[in-house]
Amino acid sequence: MNEKIQGKLSLLPSQPGVYIMRNSSGQVIYIGKAVNLRNRVRSYFQPRAQHTEKTLHLVADVDDIEWIVTRSELEALVLENTLIKRYKPRYNVRLKDDKQYPYIKIHWQEPYPRVTMTRKVLKDGGKYYGPFTSAWAVREALEALRKVFPYVTCDVEREKKKKRACLYYHIGLCAGPCIGAISQEEYREMLKGLEKFLEGDTEEVLEDLRNRMMKAAKNLQFEIAARYRDQIKAAEQIVERQRVVSTVDVDEDVIAIANDRNEACVQVFVIRRGKLIGRETFFLEKGNDPDQEEILSSFLKQFYDAATYVPSRVLLPRDLDERRIIQEWLKRKRGETVQLRLPSGTEDEELLQMAMENAKEALRVMLAQWQSDKGRQAEAVSALQEVLGLQRPPVRIEGYDISTLQGTNTVGSMVVFVQGTPKKSEYRRFKIRQVGRIGEPNDYAAMREMLRRRFRRAIESSKSAPGDRESDKWKVLPDLLLIDGGRGQLNVALEVLEEFGLRNEIPAIGLAKREEEIILPDRDEPIKLPPTSPALRLIVHIRDEAHRFAISYHRRLRSKSSVASILDSIPGIGPRRRRALLRQFGSLEGIKKASVDELASVPGMNRKVAETLKEML
């Protein structure tokens, strides 16, 4: 344990809060909450025999600790969730992928509400249902629901200027408010039916449709009655897919987990009014072999943080130490008591078993697909070796790209593929510092600087003591260097390899963008492979990934520059306070949303400057 850590441990308060652990590069690697920060954080640095393998790896990586004191454990839970989403620490259990899950949205804030699929939940007066894991499934559901509730997808006020209805009206997929076929009150009443249907109250909706049909028929409005008949038929087809699984008319989610050594799959059965109306499958990044309780606890916090509806009951496969505080948090979200409960009878056991079987099957299919992909990737690596005439398979390929805009914020990216798959933990970004040789194009100079820094780190790391995980990553040299660019960029790479005595050890190629041609050092004519070639697909994937990684860094730097200029223009905000604010809230948008109290609590801030900042933003 270094002196910095020892000093921090002695300063820890005995209050609830969140602790943040960073590695030697300043990267956040773990975030946790505690009722007593002093006791919890110090427990990590107790004798090794008491720790799991995960904790040993984590502690070995920790170089610095920060903490944020909260007024209660509940506040700590909310803050922990927010920070995990922001920093995505490698040792925390997280929902797989950075994607935003799809939701169904009813735009109630509009006079004639549209119904759409969206991936952003905003406080704009609309009502959201989700999250769902499949955009395709959401679109299919909306297509079926539109036959029952012919909602609009356009701006009705604008369409009213037209004299004729669109095709959707004529095929029964729009109620036609733009031509006055339905009043605003009738249209909004119809969407209330859609709302009830989405919430699982299908019998009430069907009964209402039947009453409307009978009333229309009684009034000799046979065309309207026929329309209701068709809507009832479509609704009954949807209801037929729903299965009655509970004798209790209650809203409940059933959660089951299937575990593999490296993967975890969570199945959520959505039960509304006693009927199973849907199921969602989520895959988790497990951090570093957490136990079942940590997986379940982390999933509950992340899933319900994103969920637009919290049921009154959640059936769990096992008990949790955090059950009480998570229930309290869910009660705040729902506005009513939420019961996290364990199975209490045959019906519950059967439900959990069914959910578990589905989770296991989803995990089996995912792993089978992964194995299949692994076989294809091995084939691509082998094909690339043959195309390039390499002595050994290019097991480790490093791809490099430069991104610049009008000569500002020039950045470089290094991506690493091992056995044909990306190894994102070894991706690196380079902020280009210097200008190259006189008369040399900027991207050549930037490429030269980036590659020099990469291979200088390799040499320096080879002299460091074994066990330094960051240095060990730099020590590993690639079997192939892929440069995004033509002959000029490739020649720069060859010069750098020669400079470090690696010219004969590491083969290098360029990939010209326009024709996707492979440029080789000792061959005048480029190699042009067919689009179906596994070798070409692999190197194009690597090149595109390097480009994406460079562009994302470039955008971030430009955004930071913009934010810095805005904050620096505010009296009392200098570089130190600006950095502290951005570290605390992540972005200008986060700073804008913060209260004066939250701003004032940032290290280095005071209330007067916080009030000025809030007012000017």
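The figures follow:
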quantity: Search result, residues across region 580-617 that are over 26 Å from the mean Cα position of the chain (by Cα), at pLDDT below 80 and not in a helix (DSSP H, G or I); calculated: L617
quantity: Of all residues in region 106-135 being of a type in the set (K, R) and in contact (Cβ under 8 Å) with a residue 24 or more places away in the chain, the one that is nearest to I277 (Cα to Cα); calculated: K127
quantity: Any hit, region 202-214, residues being among the aliphatic types (A, V, I, L, M) and closer than 15 Å to Y112 by Cβ; calculated: no
quantity: Selection within region 288-302 - in contact with a helix residue (DSSP H, G or I) (Cβ under 8 Å, 6 or more places away or on another chain), modelled with pLDDT under 85 and farther than 17 Å from L363 by Cβ; calculated: N288
quantity: Lone unmet requirement of (1) over 30 Å from W370 (Cβ atoms); (2) surrounded by 14 or more Cβ atoms within 10 Å (Cβ to Cβ); (3) at pLDDT below 80 for E263; calculated: (1)
quantity: Cβ pairs under 6 Å, 6+ apart, first in region 362-386 and more than 19 Å from A535 (Cβ to Cβ), second among the small types (G, A, S) and buried (at least 18 other Cβ atoms within 10 Å of the Cβ); calculated: L363/A258
quantity: Meets criteria (more than 26 Å from the chain's Cα centre (by Cα) and in a helix (DSSP H, G or I)) for L497; calculated: yes
quantity: Checking V115 against (1) over 24 Å from G590 (Cβ atoms); (2) at pLDDT below 90; (3) surrounded by fewer than 16 Cβ atoms within 10 Å (Cβ to Cβ), the condition it does not meet; calculated: (3)
quantity: Any hit, region 332-345, residues being part of a helix (DSSP H, G or I) and touching a strand residue (DSSP E or B) at 6+ places or on another chain (Cβ under 6 Å); calculated: no
quantity: Search result, residues across region 306-324 that are more than 27 Å from K127 (Cα to Cα), under 25 Å from the mean Cα position of the chain (by Cα) and of a type in the set (A, V, I, L, M, F, W, C); calculated: L316
quantity: Residue in region 291-300 that is touching a residue at least 60 places away in the same chain (Cβ under 8 Å) and assigned to a loop (DSSP other than H, G, I, E, B) present; calculated: yes
quantity: Single residue of region 374-411 satisfying the filter (part of a strand (DSSP E or B), among the β-branched types (V, I, T) and surrounded by 18 or more Cβ atoms within 10 Å (Cβ to Cβ)) that is modelled with the lowest pLDDT; calculated: T410
quantity: Conditions (1) of a type in the set (D, E, K, R); (2) assigned to a helix (DSSP H, G or I); (3) more than 27 Å from K374 (Cα to Cα); number of the one not met by R537; calculated: (3)
quantity: Of the criteria (1) under 20 Å from R396 (Cβ atoms); (2) modelled with pLDDT under 80, which one L511 fails; calculated: (2)
quantity: Residue in region 31-40 that is part of a helix (DSSP H, G or I) and either at pLDDT below 90 or under 21 Å from the mean Cα position of the chain (by Cα) (or both) present; calculated: no
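The values are calculated or read from the model by the stated rules, or taken from the named source; none is laboratory data. Everything numeric in this text was worked out from a predicted model, so none of it was measured. No Cβ is skipped: glycine too gets one built from the backbone with ideal geometry, and neighbour counts run over all protein chains shown.
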